[in-house]
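J.: One structure, as structure tokens, below. Some questions next.
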Amino acid sequence: MLLQSDKFESEYAKVEYFPSYNVVYQAWRNEVHGEEYKKAFEYSQRLLTFNKGSSFILDLTNSFIDSAEDLEWAFDVLLPELNAAGCSKLIFIVSPYSDGENNNELWMRKAEKYFRTFVTDSFDVAIGALNQL
């Protein structure tokens, strides 16, 4: 399956593949739920599948409280599918100042079941960590 673009943007999220790092980067822009929530992740999954062995950077600096339904889908369907696509490294970018109004810790715990994980507060450090994982 050839992708028409290595980039997806909406008012809720941005997804981009960086070939020089072999990494898929996804960043939330605004709070979103349901089908719009899934769209960004599904695009990330397609990029990870198409670019075998790539890593995933999930930018949660603009994170929010995910709905219970979205979390169930993400943890029961998405994470295993990302792993099956050949992704073995998941790096989280989080705000250094947490307000507690998100599911970041839960995401990290669930991801550790499938991936080598790393947490940082910047894209540059995330890229630098790829070789350390």
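The values are calculated or read from the model by the stated rules, or taken from the named source; none is laboratory data. As the structure is a computational prediction, the values presented were derived from the model and not from experiment. Methodologically, a virtual Cβ is constructed for each residue, glycine included, from the backbone with ideal geometry; neighbour enumeration extends over all protein chains shown. Please note that ligands, DNA and RNA were not included when accessible areas were found on the heavy atoms of the full protein model with its side chains. Shrake-Rupley method; radii C 1.70, N 1.55, O 1.52, S 1.80 Å.
J.: Is it the case, given these coordinates, that SER63 is open to solvent by 10 Å² or more (accessible area, probe 1.4 Å), hydroxyl-bearing (Ser, Thr, Tyr), part of a loop (DSSP other than H, G, I, E, B) and over 21 Å from SER122 (Cβ atoms)?
T.: Judged against the criteria, SER63 is not a match.
J.: Scan region 102-115 and tell me whether some residue there is assigned to a loop (DSSP other than H, G, I, E, B), over 12 Å from the mean Cα position of the chain (by Cα) and modelled with pLDDT under 95.
T.: Yes, there is a match, as at least one residue in region 102-115 is assigned to a loop (DSSP other than H, G, I, E, B), over 12 Å from the mean Cα position of the chain (by Cα) and modelled with pLDDT under 95.
J.: Regarding LYS113, is this residue in contact with a strand residue (DSSP E or B) (Cβ under 7 Å, 6 or more places away or on another chain) and under 25 Å from VAL125 (Cα atoms)?
T.: The answer is no for LYS113.
J.: Within region 56-63, identify whether any single residue is over 19 Å from SER10 (Cβ atoms) and touching a residue at least 24 places away in the same chain (Cβ under 8 Å), and answer yes or no.
T.: No - not one qualifying residue is present in region 56-63.
J.: Among the listed residues LEU133, LEU79, LEU71, identify the single one that is in a loop (DSSP other than H, G, I, E, B) and aliphatic (A, V, I, L, M).
T.: From the options LEU133, LEU79, LEU71, the qualifying one is LEU133.
J.: Restricted to region 10-56, and to residues that are assigned to a loop (DSSP other than H, G, I, E, B) and of a type in the set (Gly, Ala, Ser), which residue is least open to solvent (accessible area, probe 1.4 Å)?
T.: Going through the qualifying residues, I end up with SER54.
J.: Return the residues of region 76-133 that are of a type in the set (D, E, K, R) and either over 21 Å from ASP66 (Cα atoms) or open to solvent by less than 70 Å² (accessible area, probe 1.4 Å) (or both); say none if nothing qualifies.
T.: LYS89, LYS110, ARG116, ASP124
J.: ILE93 - would you say it is of a type in the set (A, V, I, L, M, F, W, C), touching an Asp or Glu at 6+ places or on another chain (Cβ under 8 Å) and modelled with pLDDT of 95 or more?
T.: So ILE93 passes the test.
J.: Looking at VAL32, VAL24, which one is farther than 20 Å from LYS113 by Cα and touching a residue at least 12 places away in the same chain (Cβ under 8 Å)?
T.: Being farther than 20 Å from LYS113 by Cα and touching a residue at least 12 places away in the same chain (Cβ under 8 Å) holds for just one of VAL32, VAL24, which is VAL32.
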